[in-house]
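Before any comments, here is the structure.
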Amino acid sequence: MTQFFTVHPDNPQDRLLKQAVEMIHEGAVIALPTDASYVLACHLGDKAALDRIRAIRRLDPSHLMTLLCKDLSSVGSYAKIENSTFRLLKKLTPGPFTFILTARSEVPNRLLHPKRKTIGLRIPDSAICQHLLSLLAEPLLVTTLILPGEDLPLTDAEDMREKLQHHVDLIIDGGPGSLTATTVIDTTQSTPVLVRQGLGDAGF
């Protein structure tokens with residue numbers, strides 16, 4: 001049975017997010033609002049939960065997942081960051097940006113692009129995400145909540161309840177989500193490359 005939490009977007013209830021963290025540690029797949037679109041999320045080390053997310057979205061193994069991080073201090077544990085990249089991340093985060101970075105060797109292969117050994121990371125400007133990540137004390141593994149055959153993400157929690165009630169363990173309703181995804185920037189080359197223009201304005 002899918003649980004449904006209505007959480008204030010600016011002052012999220014600590015009690016509810018602590019319950020969400022407990023569920024994540026127990027293997028839950030959750031629908032979570034961010035500063036862009038809603039995402040499907042699970043514990044970083046939970047392969048079974050990751051497989052469930054891939055099944056919900058019918059993703060192939062090469063689809064790049066994203067690590068949702070609280071701040072820059074946690075990013076360095078998972079990706080190699082040059083000084084110029086660090087300055088860019090510091091300028092643009094928190095915000096609706098996803099950065100493609102070269103992963104550290106310690107990161108499990110199932111989280112990486114199979115050929116490039118890269119990983120997507122982002123630091124959301126969202127009170128709900130920030131509070132949840134603080135309680136969890138580690139990143140979440142996420143992907144945009146777009147259902148198979150659809151071009152746009154789900155934005156309404158009631159629609160999610162109807163369409164996902166047999167597929168996810170928890171839906172966190174934090175208000176309407178955006179139809180526009182994050183801006184994606186590839187920082188693995190000497191010069192950053194704009195891969196996808198989304199909500200965030202990178203200034204190039």
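The values are calculated or read from the model by the stated rules, or taken from the named source; none is laboratory data. What you see is a predicted model; the values in this text were computed from it and never measured. Here Cβ is always computed from backbone atoms with ideal geometry, including for glycine, and neighbour counts include all displayed protein chains.
Once the stretch 118-142 is narrowed to residues that are among the hydroxyl-bearing types (Ser, Thr, Tyr) and at pLDDT 95 or above, the residue that is farthest from residue 103 (Cα to Cα) is 126.
With respect to residue 1, determine if the residue is out of contact with any helix residue (DSSP H, G or I) (no Cβ under 7 Å at 6 or more places or on another chain) and modelled with pLDDT under 95. Yes; evaluated as a whole, the condition is true for this residue.
The residues listed here are 116, 104; of these, the one that is over 16 Å from residue 74 (Cα atoms), among the charged types (D, E, K, R) and either surrounded by fewer than 22 Cβ atoms within 10 Å (Cβ to Cβ) or in contact with a helix residue (DSSP H, G or I) (Cβ under 9 Å, 6 or more places away or on another chain) (or both) is 116.
The number of residues in the stretch 183-201 that are in contact with a strand residue (DSSP E or B) (Cβ under 6 Å, 6 or more places away or on another chain) and either touching a residue at least 60 places away in the same chain (Cβ under 8 Å) or among the basic types (Lys, Arg) (or both) comes to 11. Taking the conditions (1) modelled with pLDDT under 95; (2) in contact with an Asp or Glu (Cβ under 9 Å, 6 or more places away or on another chain); (3) of a type in the set (Gly, Ala, Ser) in turn, residue 95 satisfies each one other than (1). Being surrounded by fewer than 16 Cβ atoms within 10 Å (Cβ to Cβ), closer than 18 Å to residue 55 by Cα and not hydrophobic (A, V, I, L, M, F, W, C) holds for only one residue in 151, 156, 169, and it is 151.
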